[in-house]
1. Hand me the trypsin sites (Lys or Arg not before Pro) from the stretch 156-200 located in a DSSP loop with no more than 12 other Cβ atoms within 10 Å, in residue order please.
2. What is the extension gain from Arg18 to Arg254, computed as 0.36 nm multiplied by their sequence separation minus the C-alpha to C-alpha distance, in nm to one decimal?
3. So what is the 222 nm mean residue ellipticity for the chain from helices alone, if each DSSP H run of at least 4 adds -39500 (n - 2.57) and you divide by all residues, rounding to the nearest 500 deg cm²/dmol?
4. Sorting Met1, Met156 on the 10 Å Cβ count, fewest up front, what's the list?
5. Please report, largest first and rounded to whole Å, the three semi-axes of the ellipsoid equivalent to the chain, where each semi-axis is the square root of five times an eigenvalue of the C-alpha gyration tensor.
6. Pairing the Cα long axis of helix 272-289 with the longest principal axis of the chain, what angle in degrees results, from 0 to 90 and rounded to the nearest 10?
7. As a footprinting exposure proxy, order Lys8, Lys275 by other Cβ within 10 Å, with the fewest listed first.
8. Taking amide H positions as placed 1.01 Å from N in the peptide plane, with prolines and chain starts having none, which residues 5 or more places from Ile216, or on another chain, fall under 5 Å of its amide H?
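No lab work stands behind these numbers, since they all come straight from the coordinates. As the structure is a computational prediction, the values presented were derived from the model and not from experiment. Reconstructed Cβ throughout: ideal geometry from the backbone, glycine too, with neighbour counts over all protein chains shown.
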Amino acid sequence: MKLVIDDKIPYIRGWAERLGEAVYLPGAAIGPADVRQADALIVRTRTHCGPALLEGSRVRFVATATIGFDHLDTGYLRRAGIGWANCPGCNAGSVAQYVRNSLLLLEAEGRLRLEGCRVGVVGVGHVGSRVAAELRRWGCRLLLCDPPRLEGAVRMPAAVEAAAPAAACTATLSDVAREADVVTFHTPLTRTGRYATYHLAGPDFFRALGRRPVIINASRGEVVATEALRAALAGGLVRAAVVDTWENEPGIDRGLLAAAYIATPHIAGYSADGKATGTRMALEAVAARFGRDAHFDIRPPRLPRGFRYNPAAAPPAALGPEAAECIRLYDPRRDSDALRAAPGRFEQLRGDYPLRREADV
């Protein structure tokens, strides 16, 4: 079997070879000639898998080592008889760490208080439920908004249902806009249908805000309309913005980059823990599709002694011991400073991302 693999997928070399011949290429550069004789692809979000890439190839399966799959033309794959798989939940802990730590930094600056803070979680699947559970632990009051789940249009695994039952997802987007002190988006990107999420947070949403909330987008850039968010920040409708996912990546909006409190290059889910899990899940999906008895015990590196994610900045003095430990392990200001210093290096900052763990192991 021949596999074509995005060369930035971590921890995969040596493991993929258990399945067959592995060819590693830059994800955005993978073209029709590269995949013509491949049996399977393992990709990330930068490889768009549709007829332009796959027509005339012998590819029978595509695995994306990501939660999101809007880069896969699933309708075409179905019609062409090409199977596919994503990795739901693989980086949920990493995104929860990103959201929590961004809010801890805002709290240290006196711009909000987590205890009793009303947080609207929009999209309560694998990631949103994990974010909700983490913020509940810090004393936040939750407004869970997920109409497809509440109305039974999607079914969630038992673990997700236990963390955030569909019956609890009773807040509407209007409720969230009116009542939340923080709004954090964790939906997939869909452009059509009753539950379309494209520009879910658009001008009408921002005009309806009642409490000058913090806006966090760690889902897909197009879920939040760039111009509407930038205008809401300029007009004082929004207290602060934490932006990890952007419209038109990697050609991001420089005005929003300057205005955001935290601005990062689509790395919220980039902990080593989440990456290892995504890689393992993608390889397992390929093995299952082709009937291979292969096992992948992929573990991320341990942290060096005295590790600090952002050695240039100590945790703010206003943080308590537990919060300070959270920031020692992951300080989103480092990623934000790096993007502001060189926005043209968006893809390089993602591809050469430093070691980050969710716990001190």
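1. Values: sites: Arg178, Arg191, Arg194; in loops: Arg191, Arg194.
The qualifying sites are Arg191, Arg194.
2. Answer, rounded to one decimal: 80.6 nm.
3. It comes out at -9500 deg cm²/dmol, rounded to the nearest 500.
4. Working: Met1 14, Met156 20.
Sorted ascending by nearby Cβ count, the order is Met1, Met156.
5. They are 33, 24, 20 Å, listed largest first.
6. 40 degrees
7. Lys8, Lys275
8. Here the answer is Val183, Thr184, Phe185, Val242, since their amide H atoms fall under 5 Å of that of Ile216.
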